Amino acid sequence: MGGVEDDEPASKRVKLACGELKGNPNGSLLSEPSVGSSRDLMARLLQSEDDEEVIGSKGVIKKVEFVQIIVKALYSLGYKKSGAHLEEESGIPLHSSAVNMFMNQILDGNWGGSVVTLRSIGLKDESTIKSASFLILEQKFFELLDAEKVMDALKTLRTEIAPLCASSNQLRELSSNLVSLSQGPSAGSSNQANLRAKSRPKLLQELQELLPPTVMVPERRLEQLVEQALTLQRDACVFHNSLDREMSLYTDHKCGRDQIPSKTLQILEAHSDEVWFLKFSHNGKYLASSSNDRSAIIWEVSANGEVSLKHKLSGHHKPVSSVSWSSDDHKLLTCGVEESVRCWDVASGECLHVYEKAGVGLVSCGWSPDGKWIFSGVNDRSISVWGLDGKEIECWKGQRTLRISDLEITSDGKEIMSISKETAILILDREAKSERVIEEDQTITSFSLSRDNRYLLVNLVGQEIHLWNIDGDINLVAKYKGHKRTRFVIKSCFGGSEQAFIASGSEDSQVYIWHRGSGELIGTLPGHSGSVNCVSWNPVNPHMLASASDDGTIRIWGLNSHLQQQKKQQQVHSNGGSIAAACNGRT
Amino acid sequence: MGRLFVVNLEGKIYSCKHCRTHLALCEDIVSKVSFHSRHGKAYLFSKVVNVTMGEKEERMMMTGRHTVVDIFCVGCGSIVGWKYETAHEKSQKYKEGKSVLERFKVSGPDGSSYWANHEVSQLIAGSDADDV
């Protein structure tokens, strides 16, 4: 601050500033009448020398900096008097007098003066001085043009700006303004205000961003620090799972376990055999499940969270291993194991088309985001692309997928993922026709893509779930353990508010939930009486989770508070208020 | 049972006699001659797939003490052999991490089975006496 080195002790800085302060006792942008005599100030400043240089229990907060950002915050909130008063009372001015002079010169349009002052406000970096000078002189140039002082503008350009230009492009751009002005305003290129120069306060703001924070305290620094702290608190809150964004400054944010679904709200019993897969629609209003009983079911989720059967989809002659929702949730694809892919209309439950290929069987299915194409893995290792009419448009041959593999497509339709080798996932860029690969050190059984397309959750034979970042460089981010997997395909998924949780099925009949960031296991949900093969978290309701099990049932999990609410409602309708296949009290 | 996860091998495959689940490749055989189980011949493989493991056990074999786990076919659950976790004798360390499949429990690459040779007498179950 001021024209002093940063590593000199704060007290010395304040002392020097005090000397300059006699001329300009306050740090406000507008010149206001000085408050208090300079002798009072001197006394107070000397006193502050004895005060602590650092504050706070850890001794890392410098008092001068702390007061300055508070002063800055007061000014940006509009409390000019308080800001000025604090500067005076603490004896810590927001800006050195040189900086104050600089700011006033900018606002007054004293360009020459400001460029000179620039050299005395303690900037060490020559390139910063150059850039700042350029900005100021550019402003001078444009203001002269707006005032139609073309000759003066040209002189400025030649003598003052040209030596500062880093590239001839800059110079050319500026001179083109001269040309268009001399040609007079033309119909095509006139802008409303016909002004080229920005406002002076705007220039000051740009300069502020250019200059180092030790010279001019950055705007909204205090707000930024508080937001940092709040973000850290929220990230550290392992159970944070709510839709509202309210956080208080009074206490550290910490959610309780009650924010995570942990109670069975409903048991859905419409399948006649093991349920292998399930997935909520994008809008959270439907749930689709598929089973070893060779059927799939579309369930409807009502506004109050009740799930009821909408359509039973029969037609496959093999167990149905997976389903895929179209982006608009109007259509559903189902895949029979090494058989065919069927497309269904969600509203009517009608089968719209059957996709099959002679001599081979289809093993996975997925929609293109625009709903025009259907992708399918084939058991000859290739991936086929079909039009809605059933015509095969493309076929990517070679080792693209395995007989047991998931298929995922990014929401912009650019990349397709599948398990191409025992220990590798292939990421195919359709447009660039390029490939990337995730290499694991053990066999991969299944995987899921995050909603933001940046992460892959990979399930391995050895009872581990790995989280991989695929945005830019591919790297392993986290591992989740605790569940059981020895024989079956067990699927896991992202879920909860901001997808901050990982949920997985397990062969010990429980649902497992981890906090994604910390890897901590935060919940195991017992209830099913058979292996839990798949879980799906409602993308729209962070408090609803569904699980599919070998016991032939689907469980809908919710918050404990919802369960209490449900029990109360059922007591009211005690003579059989029909919630389809819901079980009361069974946990 | 849920949706069984199996790895599909390519090449000359040894598979489970009962349910045909792939277990190992011919090219991964380390030794054909040195291993025996109570049912006769057994082969040592560097890599075996589609098996689950039992509890760790200390077993005294002809070649010394070893920590082994029994291995079971994921398809049908029948025991197909054992895997060496730790060998306590230096000369036997090469076996660590490798698995033995009993010839009696698997179908060979040509689909052939192996009938237990009852003349292989008085060998302790799971022994791996080296002939050499």
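The values are calculated or read from the model by the stated rules, or taken from the named source; none is laboratory data. Values in this document were obtained by computation on a predicted structure and should not be read as measured data. When we count neighbours, we look across all protein chains shown, and the Cβ atoms used for this are built from the backbone with ideal geometry, even at glycine. Keep in mind that these areas ignore ligands, DNA and RNA; they rest on the heavy atoms of the full protein, side chains included. Shrake-Rupley method; radii C 1.70, N 1.55, O 1.52, S 1.80 Å.
Numbers for the structure displayed
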{"item": "Members of the range A:230-259 found to be farther than 14 Å from A:Ala500 by Cα and of a type in the set (Ser, Thr, Tyr), listed by number", "result": "A:Ser248, A:Tyr250, A:Thr251"}
{"item": "Any chance A:Leu563 is of a type outside the set (Asp, Glu), more than 14 Å from chain B (Cβ to nearest Cβ) and in contact with a Lys or Arg (Cβ under 6 Å, 6 or more places away or on another chain)", "result": "yes"}
{"item": "Residues of the range A:286-309 classified as buried (at least 17 other Cβ atoms within 10 Å of the Cβ), in a loop (DSSP other than H, G, I, E, B) and not acidic (Asp, Glu), total", "result": "3"}
{"item": "Enumeration of residues in the range A:552-573 that are touching a residue at least 24 places away in the same chain (Cβ under 8 Å), surrounded by 15 or more Cβ atoms within 10 Å (Cβ to Cβ) and of a type outside the set (Gly, Ala, Ser)", "result": "A:Thr553, A:Ile554, A:Arg555, A:Ile556, A:Trp557, A:Leu559, A:His562, A:Leu563, A:Gln566"}
{"item": "Residue check for A:Trp514: assigned to a strand (DSSP E or B), farther than 15 Å from A:Phe277 by Cα and over 23 Å from the mean Cα position of the chain (by Cα)", "result": "no"}
{"item": "Conditions (1) in contact with a His (Cβ under 7 Å, 6 or more places away or on another chain); (2) part of a strand (DSSP E or B); (3) within 14 Å of chain B (Cβ to nearest Cβ): number failed by A:Thr445", "result": "(1)"}
{"item": "Subset of the range A:201-220 (residues that are farther than 20 Å from A:Ser120 by Cβ and open to solvent by less than 70 Å² (accessible area, probe 1.4 Å))", "result": "A:Glu206, A:Pro218"}
{"item": "Counted residues, the range A:410-427 - those being open to solvent by 20 Å² or more (accessible area, probe 1.4 Å) and either touching a Lys or Arg at 6+ places or on another chain (Cβ under 9 Å) or within 14 Å of chain B (Cβ to nearest Cβ) (or both)", "result": "6"}
{"item": "Restricting the range A:481-525 to residues that are open to solvent by 30 Å² or more (accessible area, probe 1.4 Å), in contact (Cβ under 8 Å) with a residue 60 or more places away in the chain and not polar (S, T, N, Q), the residue that is farthest from the other protein chains (Cβ to nearest Cβ)", "result": "A:Gly517"}
{"item": "Residue in the range A:332-355 that is closer than 24 Å to A:Gly505 by Cβ, within 14 Å of chain B (Cβ to nearest Cβ), aliphatic (A, V, I, L, M) and buried (at least 20 other Cβ atoms within 10 Å of the Cβ) present", "result": "yes"}
{"item": "Residue match in the range A:430-442 (condition: surrounded by 15 or more Cβ atoms within 10 Å (Cβ to Cβ), polar (S, T, N, Q) and within 14 Å of chain B (Cβ to nearest Cβ))", "result": "no"}
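Every residue, every condition in (1) touching a residue at least 40 places away in the same chain (Cβ under 8 Å); (2) part of a loop (DSSP other than H, G, I, E, B); (3) open to solvent by less than 30 Å² (accessible area, probe 1.4 Å), yes or no:
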residue: A:His95; (1), (2), (3): yes, yes, yes
residue: A:Val99; (1), (2), (3): yes, no, yes
residue: A:Ala132; (1), (2), (3): yes, no, yes
residue: A:Glu138; (1), (2), (3): no, no, no
residue: A:Glu143; (1), (2), (3): yes, no, no
residue: A:Glu148; (1), (2), (3): no, yes, no
